[in-house]
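The values are calculated or read from the model by the stated rules, or taken from the named source; none is laboratory data. Computed from a predicted structure; not experimentally measured. No Cβ is skipped: glycine too gets one built from the backbone with ideal geometry, and neighbour counts run over all protein chains shown. Just so you know, the surface numbers come from the protein's heavy atoms only, side chains and all, with ligands and any DNA or RNA stripped out. Shrake-Rupley method; radii C 1.70, N 1.55, O 1.52, S 1.80 Å.
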Amino acid sequence: AAKPITINDGVITAEEAKAGGPGTLSWLPAGEAYGLVEAGTAEGKVVVPRFSFEGEELKDLTLEVKAGKVTALSAKPSKAFDALKVFYDAASGAKDTLTVLDFGLNPDVKAPKGLLSYLPAGNVTLFLGGDVWAGGTNSDSFGMAVHLTDATVVVGGATVVEKGALRVAAAR
C-alpha cells in the first residue's frame, strides 16, 4: 500500500504546518526522505557492519526479519553486543517491529570517519520500534536506528542506492 514519504529539506511550509504530522519536523542540516514500512511486509536479513551502543562499537549486527518483525538478533561476540541484548530483551511493546525506512539525500554532508549519520546521500537507515515521529501509530518508547552505509536498494526494478551511493535517474 502507498505510504506517504516525508522529505526533510530544512523548511516547514505553511501547508505542512497546517497539515501537522511529520512534515512539521525538520533537522538541520537537512537532506533525507523517510517513510513508514507497511506492517508485516518486510522480509530478509539485515547485516549492519558497525553499530554503536552506549559508546561501544559492535560488529556485524544481524537482524533476521519475518513478516515485518525481528525474529533473531545476533552479532560478533562482544561486551557491546551483550549490553545491547540485555537492553533489547528488557524492552517491551513493539520493539521488534521494522517501522521506518530513511534515505540520506544530502550530497554536501560527509560524515567524518566513524560517525554514522542519516544525511549523507545514499545512506540508508532502518528504524525499529516507535514511529509516531514519522507519522506512524507505534507509540512504543523503544526505538533503534541502524545505519546501512554501503547498502544497495532496488525499488520497482530500479536501483536507487548502489553500494551506498545515491543514483539519480533522469526524468522520463
Q.
Being closer than 24 Å to Leu115 by Cβ, surrounded by fewer than 17 Cβ atoms within 10 Å (Cβ to Cβ) and either under 15 Å from the mean Cα position of the chain (by Cα) or touching a residue at least 60 places away in the same chain (Cβ under 8 Å) (or both) is the filter here; which residues of segment 8-26 pass it?
A. Leu25
Q: Restricting attention to segment 1-32, report how many residues are in a loop (DSSP other than H, G, I, E, B) and over 18 Å from Phe127 (Cα atoms).
A: 11
Q | Condition met for Val146 (in contact with a Gly (Cβ under 9 Å, 6 or more places away or on another chain), of a type in the set (A, V, I, L, M, F, W, C), touching a residue at least 24 places away in the same chain (Cβ under 8 Å) and open to solvent by less than 60 Å² (accessible area, probe 1.4 Å)) | A | no
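Could you please find all residues in segment 150-160 being open to solvent by less than 60 Å² (accessible area, probe 1.4 Å) and under 14 Å from the mean Cα position of the chain (by Cα)?
Ala151, Val153
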Q: Would you please list the contacts, defined by Cβ atoms under 6 Å and residues six or more apart or on different chains, that run from a residue in segment 121-132 that is open to solvent by less than 10 Å² (accessible area, probe 1.4 Å) to a residue that is among the basic types (Lys, Arg)?
A: Gly129/Lys95
Q) Pairs under 7 Å by beta carbon, first residue acidic (Asp, Glu) in segment 97-115, partner open to solvent by 40 Å² or more (accessible area, probe 1.4 Å), six or more apart or different chains? A) Asp102/Tyr118
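For segment 33-47, indicate whether the set of residues that are assigned to a loop (DSSP other than H, G, I, E, B) and in contact with a Leu (Cβ under 7 Å, 6 or more places away or on another chain) is non-empty.
Looking for residues that are assigned to a loop (DSSP other than H, G, I, E, B) and in contact with a Leu (Cβ under 7 Å, 6 or more places away or on another chain), one finds at least one in segment 33-47, hence yes.
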Q. Could you say whether any residue in segment 52-59 is outside any loop (DSSP other than H, G, I, E, B), open to solvent by less than 60 Å² (accessible area, probe 1.4 Å) and within 15 Å of Leu126 (Cβ to Cβ)?
A. no
Q: Examine segment 76-93 for a residue that is at pLDDT 90 or above, surrounded by 17 or more Cβ atoms within 10 Å (Cβ to Cβ) and touching a helix residue (DSSP H, G or I) at 6+ places or on another chain (Cβ under 9 Å), and state whether such a residue exists.
A: no
